[in-house]
């Protein structure tokens, strides 16, 4: 297999992703119906992994198969009065309730690719984009995600920490983050 990660573009075949359970329908629907429009309107940036292995007798309409995707947007981690300050270094007086972040808005991996670290690789890619291309030009302290309850273990495994508040722990999609200052 020849897998390639790149930003999606007009003409890409963004169908055929098998996610295995109806609770992931929204992820499939987004990439099929909205990802290109969001890309064109600068609302989100979606990167996809395609299998570019072309069969010997491929039809003229052959297109690379979508294996996984990651969508990034600007975001923020918000805390309430009384919550712990997320930037507690000595000498840093950050007087805002919103911390600058890049958000993993969507991440999906085809069932045929699960267990092959492609999700972890996409998070590593997101970290590289943020650290190499965003942080040098714009204040950005966190990579964050609103994790589905079923995905919390995955995000913990790849380095995310749950925002430790009672409200957040009770959410259906708790906020998790990676402190970019500690990664860099």
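Just so you know, all these numbers are worked out from the coordinates, no wet-lab data involved. Everything numeric here is computed off the predicted structure, so don't read it as measured data. Neighbour counts are summed over all protein chains in view; Cβ atoms, including those assigned to glycine, are modelled from backbone coordinates with ideal geometry.
Before moving on, here are some points about what is shown:
- Each peptide among 164-173, 104-113 gets the average number of other Cβ atoms lying within 10 Å of its residues, and from highest to lowest they stand as 104-113, 164-173.
- Estimated 222 nm signal from helices in the chain, with DSSP H stretches of n ≥ 4 weighted -39500 (n - 2.57), rounded to 500: -5000 deg cm²/dmol
- Spatial separation of Cα centroids for the stretch 1-72 and the stretch 158-184, in angstrom: 28
- Likely footprinting exposure, 74, 135, fewest C-beta neighbours within 10 Å first: 74, 135
- Shown for 2, 161: other C-beta atoms within 10 Å of each C-beta, ranked fewest to most, produce the order 2, 161.
- Based on C-alpha pairs under 8 angstrom that are at least 6 apart in sequence, the chain has a relative contact order of 18 percent.
- Taking each residue as 0.36 nm, the span from residue 112 to residue 181 lengthens on full extension beyond its C-alpha to C-alpha distance by 21.4 nm.
- Beta-bridge orientation, the chain: approximately 90 percent antiparallel, per DSSP, counting only bridges with both partners inside.
- With the simple model of a label 7 Å out from the Cα in the direction of the Cβ, residue 81 to residue 62 spans 6.4 nm.
- Between helix 118-129 and the chain there is an angle of about 60 degrees, using the helix long axis and the longest principal axis of the Cα atoms.
- A Förster radius of 25 Å combined with the Cβ-Cβ distance from residue 150 to residue 124 puts the calculated FRET efficiency at roughly 0.70.
- The label-point distance for residue 95 and residue 167, in a model that sets each label 7 Å from Cα toward Cβ, rounds to 2.2 nm.
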